[in-house]
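Here's the structure, in structure tokens; my notes come after.
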Amino acid sequence: MTATDINRKITVSTQENTSKAFTPRLLAQSTAKFHINAPTIDIDITDWLFNLDELEYINCTPHSRAHLSAGLTHSPDGKRISINVEDIGGALVIEHYHEEISEKLHCRVVSASDLLIGREYTTAHVIWELIATPVDGAHHEFVNSVWVHTTEKFEQYMEAHGVPYEEARHNFQTALEAHNAEETPFFAAAIERKALTACV
């Protein structure tokens, strides 16, 4: 998925809910890689994500303690929603991840996320994608990617506080890269443990 594809998709989605067009801007994009060593048939990233134990989620950021809570609910159409609460770069982020791609080796979820910055709430659009690609035998390359885009509400927040877009983008990018680098090896290890348990 390219940045152009993502922007087009977000723009179309936004136009369905508002009377005027809004073009989101990229705040941050990060991709981190690790490995999963387990039989392909036993890896199920989507099942792992939507059955993630809260303590396991918290333990995936042992150094920063950025992961605060996780839970599961459903949308009116019955699709699963993963609720993640975390602290990224000093902002409290509440993500409402709706499933979009639900394959065993490929999971993509999207969220209209709430952000608490200081004492003020705003929002951002977040896409989270996890992919495991077989490399050799039971060895898989695990890729954890996140895209964060502005919403109308976030654009209004920047304007109200005199925050230049490039400054916000720099701050989000720095925080996201550090966060993704920390959590990715632990996500991979958790997925691997679940897969190895399944094959016993």
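Could you pull out the residue among Val109, Val143, Val135, Val93 that is of a type outside the set (D, E, K, R) and either touching a helix residue (DSSP H, G or I) at 6+ places or on another chain (Cβ under 8 Å) or under 14 Å from Ala28 (Cα atoms) (or both)? Can you show your working first?
Numbers: Val143 fails: either touching a helix residue (DSSP H, G or I) at 6+ places or on another chain (Cβ under 8 Å) or under 14 Å from Ala28 (Cα atoms) (or both); Val135 fails: either touching a helix residue (DSSP H, G or I) at 6+ places or on another chain (Cβ under 8 Å) or under 14 Å from Ala28 (Cα atoms) (or both); Val93 fails: either touching a helix residue (DSSP H, G or I) at 6+ places or on another chain (Cβ under 8 Å) or under 14 Å from Ala28 (Cα atoms) (or both).
Selected residue: Val109, the only one of Val109, Val143, Val135, Val93 that is of a type outside the set (D, E, K, R) and either touching a helix residue (DSSP H, G or I) at 6+ places or on another chain (Cβ under 8 Å) or under 14 Å from Ala28 (Cα atoms) (or both).
Run down Ser75, Ser102, Ser113 and say which single residue is of a type in the set (S, T, N, Q) and closer than 30 Å to Glu159 by Cα.
Of Ser75, Ser102, Ser113, the one residue that is of a type in the set (S, T, N, Q) and closer than 30 Å to Glu159 by Cα is Ser113.
Suppose we keep only residues that are among the aliphatic types (A, V, I, L, M) and surrounded by 17 or more Cβ atoms within 10 Å (Cβ to Cβ) within the range 159-181. Which one would you say is farthest from His63 (Cα to Cα)?
Out of the qualifying residues, it is Ala168.
If you take the residues in the range 71-88 that are touching a Phe, Trp or Tyr at 6+ places or on another chain (Cβ under 7 Å) and surrounded by 16 or more Cβ atoms within 10 Å (Cβ to Cβ), which one is farthest from Val148 (Cα to Cα)?
Taking the candidates together, the pick is Arg80.
Can you tell me which condition Val110 does not meet? The list is (1) at pLDDT 95 or above; (2) out of contact with any His (no Cβ under 8 Å at 6 or more places or on another chain), and all the others hold.
Result: Val110 fails condition (2) only.
If Ser64 passes every condition in (1) part of a loop (DSSP other than H, G, I, E, B); (2) surrounded by 16 or more Cβ atoms within 10 Å (Cβ to Cβ); (3) among the hydroxyl-bearing types (Ser, Thr, Tyr) but one, which one does it miss?
It fails just one condition, (2).
Filter the range 28-55 down to the residues that are among the acidic types (Asp, Glu) and either at pLDDT below 95 or in contact with a strand residue (DSSP E or B) (Cβ under 8 Å, 6 or more places away or on another chain) (or both), then identify the one that is surrounded by the fewest Cβ atoms within 10 Å (Cβ to Cβ).
Checked the range 28-55; the qualifying residue surrounded by the fewest Cβ atoms within 10 Å (Cβ to Cβ) is Asp53.
Taking only the range 105-152 into account, find how many residues are hydrophobic (A, V, I, L, M, F, W, C), under 22 Å from Glu166 (Cα atoms) and under 8 Å from the mean Cα position of the chain (by Cα).
4
Looking at Thr184, Thr150, Thr123, which one is in contact with a Phe, Trp or Tyr (Cβ under 7 Å, 6 or more places away or on another chain) and crowded, with 20+ Cβ neighbours inside 10 Å? Working first, answer last.
On the way: Thr150 fails: in contact with a Phe, Trp or Tyr (Cβ under 7 Å, 6 or more places away or on another chain); Thr123 fails: crowded, with 20+ Cβ neighbours inside 10 Å.
Answer to the selection: Thr184.
The values are calculated or read from the model by the stated rules, or taken from the named source; none is laboratory data. Remember, predicted model here, so these are calculated numbers, not experimental data. Glycine gets a Cβ as well: all are built from the backbone with ideal geometry, and neighbour counts include every protein chain shown.
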